[in-house]
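Reviewing the structure listed below.
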Amino acid sequence: MDDRTQGWINGFIGVLIFAGSLPATRVAVADLDPTFLTAARASIAALLGAAMLVGLRQRPPSRSSLASLLVVAVGVVVGFPLLTALALQHVSSAHSIVFLGLLPLSTAVFGVLRGGERLRPAFWVFSLLGSAAVAGYALLGAGRGSLQGDLLMVAAVLVCGLGYAEGARLTRTLGGWQVISWALLLALPLMVPLLWLRWPLDVAHVGTQAWLGLGYVSVFSMLIGFMFWYRGLAQGGIAAVGQLQLLQPFFGLALAAVLLHERVSMGMLGVTLCAVACVAGARHFAR
């Protein structure tokens, strides 16, 4: 099996793990403050990452890597989790999940800008078609949306795409799990004070589901998923494997319907199927 095929497999596993992020966040913010949730998930993941770095005797990153690690931390450790948690106070998880269809385009653009990748024109056609379908759906206001929630999701997609591309670029020299672990540790001095300041006033009133949601986004969304995702992007190409994110809404919508009993409209399914079809075309022309 060549590196490109392994990259698509690792990327697919990462997307499956990430698909549960927004439904889990939606459950968690029902009882937990979004800022606390962001700080808690990053702190828990940072401690686990630190344990792996120490246990496996990893050397600290070079000074030249620190700026890139800071970009990763701002994009995927702080920016995306906080912005999506804030957005989910205004929109349903099913509505917000569809915005994730914009992530492949965002990742591809930053893959070109930061990763130096070159892509065929036909690739951009399929990537733009998938993103246009998602954006059109959002503009029509399908589902329970709001302007504030939609803008927060767009901002989350932009910072996440940058964090994905920068992390994948670093993975080629540091390794996938090392990149996210060092980025988490870099953000920890900011996360711990926020965790203390936003600690729930009455922990007893926080439901079990909220704690389970926090556990999922801390262990899987914030750490394990990135181990597969960054490795997949580095092996198969940032822009190419990044198109797998068009599948994420499909899995996320299924989880929102099954676990949260949220209504998934025919429009949502139609947009998602259109996005899935664009993955095949983008993958073909990304070679």
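Here the condition is being of a type in the set (Gly, Ala, Ser), modelled with pLDDT under 85 and under 23 Å from Val276 (Cα atoms); of Ala156, Ala204, Ala132, it holds for Ala132 alone. Among the residues of the range 168-184, are any more than 29 Å from Leu56 (Cα to Cα) and surrounded by fewer than 23 Cβ atoms within 10 Å (Cβ to Cβ)? Within the range 168-184, not a single residue is more than 29 Å from Leu56 (Cα to Cα) and surrounded by fewer than 23 Cβ atoms within 10 Å (Cβ to Cβ).
Quick check on the range 199-222. Is at least one of its residues more than 22 Å from His95 (Cβ to Cβ), without any contact (Cβ under 8 Å) to a residue 24 or more places away in the chain, assigned to a helix (DSSP H, G or I) and of a type in the set (S, T, N, Q)? The answer is yes, given that some residue of the range 199-222 is more than 22 Å from His95 (Cβ to Cβ), without any contact (Cβ under 8 Å) to a residue 24 or more places away in the chain, assigned to a helix (DSSP H, G or I) and of a type in the set (S, T, N, Q).
In the set (1) surrounded by fewer than 24 Cβ atoms within 10 Å (Cβ to Cβ); (2) closer than 24 Å to Val125 by Cβ; (3) of a type in the set (S, T, N, Q), the condition left unmet by Gln243 is number (1). Looking across the range 175-192, just one residue is at pLDDT below 90 and on the phi < 0 side of the Ramachandran plot, and that is Gly176. Residue selection: Leu69 satisfies the criterion of being touching a Pro at 6+ places or on another chain (Cβ under 7 Å) and touching a residue at least 12 places away in the same chain (Cβ under 8 Å).
Residue-level check: of (1) under 23 Å from Leu48 (Cβ atoms); (2) not in a helix (DSSP H, G or I), Gly232 misses just (2). Scan the range 258-272 for residues that are over 20 Å from the mean Cα position of the chain (by Cα) and either under 20 Å from Ile13 (Cα atoms) or assigned to a helix (DSSP H, G or I) (or both) and the total you get is 5.
A quick yes/no check of all residues on (1) under 13 Å from the mean Cα position of the chain (by Cα); (2) crowded, with 24+ Cβ neighbours inside 10 Å; (3) of a type in the set (A, V, I, L, M, F, W, C):
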residue: Asp3; (1), (2), (3): no, no, no
residue: Asp33; (1), (2), (3): no, no, no
residue: Ala42; (1), (2), (3): no, yes, yes
residue: Met52; (1), (2), (3): no, no, yes
residue: Val77; (1), (2), (3): yes, yes, yes
residue: Gln89; (1), (2), (3): no, no, no
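Please give the helices (runs of 4 or more DSSP H) falling wholly within the range 14-99 in which 3 or more residues are closer than 20 Å to Leu151 by Cα and at pLDDT below 90.
Correct list: 21-28, 80-87, 93-99.
Based on what the data block shows, is Leu212 closer than 20 Å to Leu16 by Cα and surrounded by fewer than 19 Cβ atoms within 10 Å (Cβ to Cβ)?
For Leu212, the condition - closer than 20 Å to Leu16 by Cα and surrounded by fewer than 19 Cβ atoms within 10 Å (Cβ to Cβ) - is met.
Of all residue pairs spaced 6 or more apart or on separate chains, those with beta-carbon atoms under 6 Å, a first member in the range 118-137 that is at negative phi and surrounded by 17 or more Cβ atoms within 10 Å (Cβ to Cβ) and a second member that is of a type outside the set (D, E, K, R) and not in a helix (DSSP H, G or I) are Phe123/Ala286.
The selection criterion, being polar (S, T, N, Q), out of contact with any Lys or Arg (no Cβ under 6 Å at 6 or more places or on another chain) and under 24 Å from Gly115 (Cβ atoms), does not hold for Gln209.
The values are calculated or read from the model by the stated rules, or taken from the named source; none is laboratory data. The structure displayed is predicted, hence computed values, not measured ones. Note that each Cβ is placed from the backbone with ideal geometry, even for glycine, and that neighbours are counted across all protein chains shown.
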